[in-house]
Amino acid sequence: MQNGLQHNQANLVRLAVEGVDAAGIADTAITTWQAIETALSPILGERGVASLYQRSLYLARVDYPWLTAASKTPPQTRDFVDLRAALSQQSNAHAAAANGALLETFYNLLTSLIGAALTDRLLDSVLDNSTSNLDGHNTLP
Amino acid sequence: MNTEKVSINRLVTGVPGLDEILGGGLPEFSFNVIAGAPGCGKTTLAHQIMFALATPERPALYITVLGEPPLKMLRYQQQFEFFDAEKVQCSIHFVNLADDTAAGDLSKVLSRIVTEVQMRGPGLVFVDSFRSVVLASQQENNEFLSLQQFIQQLGMLMTSWQATTFLIGEYFNETDPNPVFTVADGLIWLRQNMQRNSMVRKLELIKMRGQPTLPGLHTFRISSAGINIFARTQAVVQTESGSTWPAGTRLKMGAPGLDEMMGGGLPHGYSLLVAGPSGSGKSILGGAFLAEGARNGETGILIAFEQHFNSTRGPVIEKLIESGHISLIDIPTSELSIDEISTLLIAEIHRVKASRVVIDSLSGLELALAPSFQEDFRESLARMVWALAKIGVSLLMTSELEDRYNELSFSPYGTAFLTDAIIVQRYIEVDSRLQRVMAVVKVRASAHSNALRLFDIDDNGIRIGGMLLDHEGLLGGSPSERPNYKPLNRDADSD
């Protein structure tokens, strides 16, 4: 699954290099987060996923302080409005890097709690699918 | 007219001991409740059953409602060896309905369960914890489906959808007229009893429709392998076929002269109690009994509760343990139940095909038991001795017995009546020396010597000597010489 994460991150960076703006990066990132939420909330509950997401934001803002803005509102993970807004206000490369760090933090957090094997089982379809979607991404201007 | 009755398939749960108690396994499509106080192992039992039974063809649905957060449940349950992450999302699906339950609308909860069941087509459904559902239904101004209706509809739905169902719940009182208990086909109750500093876990099958189960409280232990249940020994060995040894076979004791004292050796399948004070040679006699078996090609088992250092068992026994002629069961922990020891012992008897067993000693065995089992030690011991007799092994038990020179007793536990044969050892003082004497007190249904014989212990083991015919008052500890003693020729036991 680490490969899936890296692939996902690499694709965001590639999109940034190819000139996709921060809003486009944010859209792609949010698609992945929504897929994660869809995969995990039936198992962990919406509140469970929201807690993990909030904790990941808290940890990731050490390197990306502006991510604090993404956790202003109470956990409403389904639309990720705050994250979308925060990413959109950065440069496209910075947005791609920050989202990659946030995703990795979330993955590591879940792994620390339920183990890599189970985390991979739960996120298996998500990151693979989001990766394949990104491969054929058509948001280039 | 077709008169064929329905045949209920039994699912083998894979939980050690549970299938024996269930009478072969869980009835397929049954509606079961696993109940008990918090921390007694309900969720672990449910997971263990689920991971054993779930396959891609018979997937499992584990529905978590309010109670233990699923994140924690997944975190802790995977510490058990039975947890196989490969099965998750393949043959095991976790579903969280906390939000629906929190609203207190049981019809919505039922609707969600129906949706999930129809989507996944599970062969196994677990609802954890069901107490949450019960509490949700008790919320004030609840205008929704009543708990009773919910249970009845859920039970009907699950059976119709051919799912074996488990409701996991915290119920503190089984006499509570809970509708769940009426609808349930099976009711598994887990308990944990505290006494002094000791905690003992017990499982009881209060109800299981359509099949004979083993009654009573069965102790269980939770380890990294999961739950291991020790079914009550007496019930388990009902099915044992017993010994194949010819009737009347006598086993040699491994101490020259003792066989003659016993009327030709210990009758096969008998239990023998060797009682005596500390250092009198009980363990050595036990070792000699096993070594003699090994010489005849038999395998023996030594359950040792004392003498922790290997060297204290003597080189002969150590070699026999190394070569596999004697299987050593070291009791690793205290707070055991007799049923746990019996389960361990019976499994080992079958594994090594043992014919001789030595328990050294009953005092150690009693100390290894949890306080709550020490109270009914005699009864538990009787159950174990009976079970071993049914299997057809010959048993030698040692028992620490303080010398009392104003009374003659054979066991501090009053266990003498339990055994078929008794040998008692005592110290006496003769010519300013501490001497040992031994007598055969009882060999059921057999003639035996009534002589009180001196014996020594040297590097070759026990050497039985003669009688002190020129002394009297041996059992008083300080015998005195008999004045004008004349030996009697008819006394066959005299040397």
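The values are calculated or read from the model by the stated rules, or taken from the named source; none is laboratory data. Since the structure is predicted, the reported quantities are computational estimates derived from the model, not experimental observations. Because the Cβ atoms are built from the backbone with ideal geometry, glycine has one as well, and the counts that use them run over all protein chains shown.
Does A:THR38 satisfy the criteria of being within 14 Å of chain B (Cβ to nearest Cβ) and surrounded by fewer than 19 Cβ atoms within 10 Å (Cβ to Cβ)? Working first, answer last.
Values: within 14 Å of chain B (Cβ to nearest Cβ): yes; surrounded by fewer than 19 Cβ atoms within 10 Å (Cβ to Cβ): yes.
When the stated conditions are applied, A:THR38 passes them.
When you scan the stretch B:24-35, do you find a residue that is touching a Gly at 6+ places or on another chain (Cβ under 6 Å), within 10 Å of chain A (Cβ to nearest Cβ), buried (at least 22 other Cβ atoms within 10 Å of the Cβ) and more than 20 Å from B:LEU217 (Cα to Cα), even just one?
No, there is no match, as no residue in the stretch B:24-35 is touching a Gly at 6+ places or on another chain (Cβ under 6 Å), within 10 Å of chain A (Cβ to nearest Cβ), buried (at least 22 other Cβ atoms within 10 Å of the Cβ) and more than 20 Å from B:LEU217 (Cα to Cα).
Would you confirm, using the coordinates I've provided, whether B:THR55 is away from chain A (no Cβ under 13 Å), within 26 Å of B:LEU190 (Cα to Cα) and polar (S, T, N, Q)?
Details: away from chain A (no Cβ under 13 Å): yes; within 26 Å of B:LEU190 (Cα to Cα): no; polar (S, T, N, Q): yes.
The answer is no for B:THR55.
Being modelled with pLDDT under 85, within 42 Å of the chain's Cα centre (by Cα) and either of a type in the set (Lys, Arg) or surrounded by 17 or more Cβ atoms within 10 Å (Cβ to Cβ) (or both) is the filter here, so list the residues in the stretch B:111-152 that pass it.
Looking only at the stretch B:111-152, we keep the residues that are modelled with pLDDT under 85, and these are B:129-152.
Pick out the ones that are also within 42 Å of the chain's Cα centre (by Cα) and you get B:129-138, B:147-152.
The answer is B:SER129, B:PHE130, B:ARG131, B:SER132, B:VAL133, B:VAL134, B:LEU135, B:ALA136, B:SER137, B:LEU147, B:PHE150, B:ILE151.
What residue, among those in the stretch B:63-82 that are touching a strand residue (DSSP E or B) at 6+ places or on another chain (Cβ under 6 Å) and facing chain A (nearest Cβ under 9 Å), is nearest to B:ILE113 (Cα to Cα)?
Step one: of the stretch B:63-82, the residues touching a strand residue (DSSP E or B) at 6+ places or on another chain (Cβ under 6 Å) are B:63-64, B:70, B:80, B:82.
Still in the running and facing chain A (nearest Cβ under 9 Å): B:64, B:70.
Details: B:THR64: 11, B:PRO70: 17 Å.
Here the residue is B:THR64.
For (1) under 24 Å from A:PRO42 (Cβ atoms); (2) within 14 Å of chain A (Cβ to nearest Cβ), each residue gets a yes or a no:
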position	(1), (2)
B:LEU11	no, no
B:GLY14	no, no
B:GLU20	no, no
B:THR44	yes, no
B:ALA60	yes, yes
B:ASP84	yes, yes
B:CYS90	yes, yes
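Consider B:ALA46 carefully, then state whether it is among the small types (Gly, Ala, Ser), assigned by TED's automatic domain parsing to the domain that holds B:THR165, under 16 Å from B:GLY169 (Cβ atoms) and modelled with pLDDT of 95 or more. Quick ask: steps written out before the conclusion?
On the way: among the small types (Gly, Ala, Ser): yes; assigned by TED's automatic domain parsing to the domain that holds B:THR165: yes; under 16 Å from B:GLY169 (Cβ atoms): yes; modelled with pLDDT of 95 or more: yes.
Spelling it out, B:ALA46 is indeed among the small types (Gly, Ala, Ser), assigned by TED's automatic domain parsing to the domain that holds B:THR165, under 16 Å from B:GLY169 (Cβ atoms) and modelled with pLDDT of 95 or more.
Being farther than 12 Å from B:SER342 by Cβ and at pLDDT below 85 is the filter here; which residues of the stretch B:379-392 pass it? Before you say what the answer is, go through the steps one by one.
Residues of the stretch B:379-392 that are farther than 12 Å from B:SER342 by Cβ, as a first pass: B:379, B:389, B:392.
Once the filter is applied, which keeps residues that are farther than 12 Å from B:SER342 by Cβ and at pLDDT below 85, the stretch B:379-392 yields only B:GLU379.
Among the residues of the stretch B:374-395 satisfying the criterion of being touching a residue at least 12 places away in the same chain (Cβ under 8 Å) and not in a helix (DSSP H, G or I), which is surrounded by the most Cβ atoms within 10 Å (Cβ to Cβ)? Explain how you work it out, then say what you get.
Taking the stretch B:374-395 and keeping what is touching a residue at least 12 places away in the same chain (Cβ under 8 Å), we get B:377-378, B:380-395.
Keeping just the survivors that are not in a helix (DSSP H, G or I) gives B:392-395.
Numbers: B:GLY392: 16, B:VAL393: 25, B:SER394: 30, B:LEU395: 25.
Checking each candidate, the answer is B:SER394.
If you go through the stretch B:20-34 one residue at a time, do you hit one that is under 21 Å from B:LEU97 (Cβ atoms) and aliphatic (A, V, I, L, M)?
Yes, the stretch B:20-34 has at least one match.
For the stretch B:370-382, name all the residues that are under 15 Å from the mean Cα position of the chain (by Cα), over 18 Å from B:ASP360 (Cα atoms) and not small (Gly, Ala, Ser).
Scanning the stretch B:370-382 gives B:PHE373, B:ASP376, B:GLU379.
Show the residue pairs that are 6+ apart or on different chains and have beta-carbon atoms under 9 Å apart, the first residue being within the stretch A:99-120 and within 14 Å of chain B (Cβ to nearest Cβ), the second being outside any helix (DSSP H, G or I) and aromatic (Phe, Trp, Tyr).
Listed pairs, sorted by first residue: A:LEU118/B:PHE83.
Take the residues in the stretch B:91-106 that are part of a loop (DSSP other than H, G, I, E, B) and at pLDDT 80 or above, then tell me which one is nearest to B:LEU53 (Cα to Cα). Spell out the reasoning first.
Going residue by residue through the stretch B:91-106, those that are part of a loop (DSSP other than H, G, I, E, B) are B:91, B:97, B:103-105.
Filter once more, keeping what is at pLDDT 80 or above: B:91, B:97.
On the way: B:SER91: 10, B:LEU97: 23 Å.
This residue is B:SER91.
Residues of the stretch B:46-82 being in a loop (DSSP other than H, G, I, E, B) and within 26 Å of B:GLN162 (Cβ to Cβ), which ones?
Looking only at the stretch B:46-82, we keep the residues that are in a loop (DSSP other than H, G, I, E, B), and these are B:54-59, B:65-69, B:78-82.
Result: B:ALA54, B:THR55, B:PRO56, B:GLU57, B:ARG58, B:PRO59, B:VAL65, B:PHE82.
When you look at A:ALA93, is it more than 14 Å from chain B (Cβ to nearest Cβ), assigned to a helix (DSSP H, G or I), among the aliphatic types (A, V, I, L, M) and surrounded by fewer than 17 Cβ atoms within 10 Å (Cβ to Cβ), yes or no? If you could, list the steps in order and put the result at the bottom.
Numbers: more than 14 Å from chain B (Cβ to nearest Cβ): yes; assigned to a helix (DSSP H, G or I): yes; among the aliphatic types (A, V, I, L, M): yes; surrounded by fewer than 17 Cβ atoms within 10 Å (Cβ to Cβ): yes.
When the stated conditions are applied, A:ALA93 passes them.
What residue, among those in the stretch B:211-220 that are out of contact with any Lys or Arg (no Cβ under 7 Å at 6 or more places or on another chain) and surrounded by 15 or more Cβ atoms within 10 Å (Cβ to Cβ), is modelled with the lowest pLDDT? Write out each step before concluding.
If we filter the stretch B:211-220 for residues that are out of contact with any Lys or Arg (no Cβ under 7 Å at 6 or more places or on another chain), which is where we start, we get B:211-213, B:215.
Filter once more, keeping what is surrounded by 15 or more Cβ atoms within 10 Å (Cβ to Cβ): B:211, B:213.
Details: B:GLN211: 84, B:THR213: 87.
My answer is B:GLN211.
Does the stretch A:56-79 include one or more residues that are assigned to a helix (DSSP H, G or I), within 14 Å of chain B (Cβ to nearest Cβ), at pLDDT 90 or above and within 30 Å of B:VAL88 (Cα to Cα)? Reasoning before the result, please.
To start, the set of residues in the stretch A:56-79 that are assigned to a helix (DSSP H, G or I) comprises A:56-60, A:65-71.
Retained after the next criterion (residues that are within 14 Å of chain B (Cβ to nearest Cβ)): A:56.
Narrowing the set further to residues that are at pLDDT 90 or above leaves A:56.
Cutting the leftovers down to within 30 Å of B:VAL88 (Cα to Cα) gives us A:56.
Checking the stretch A:56-79: at least one residue is assigned to a helix (DSSP H, G or I), within 14 Å of chain B (Cβ to nearest Cβ), at pLDDT 90 or above and within 30 Å of B:VAL88 (Cα to Cα).
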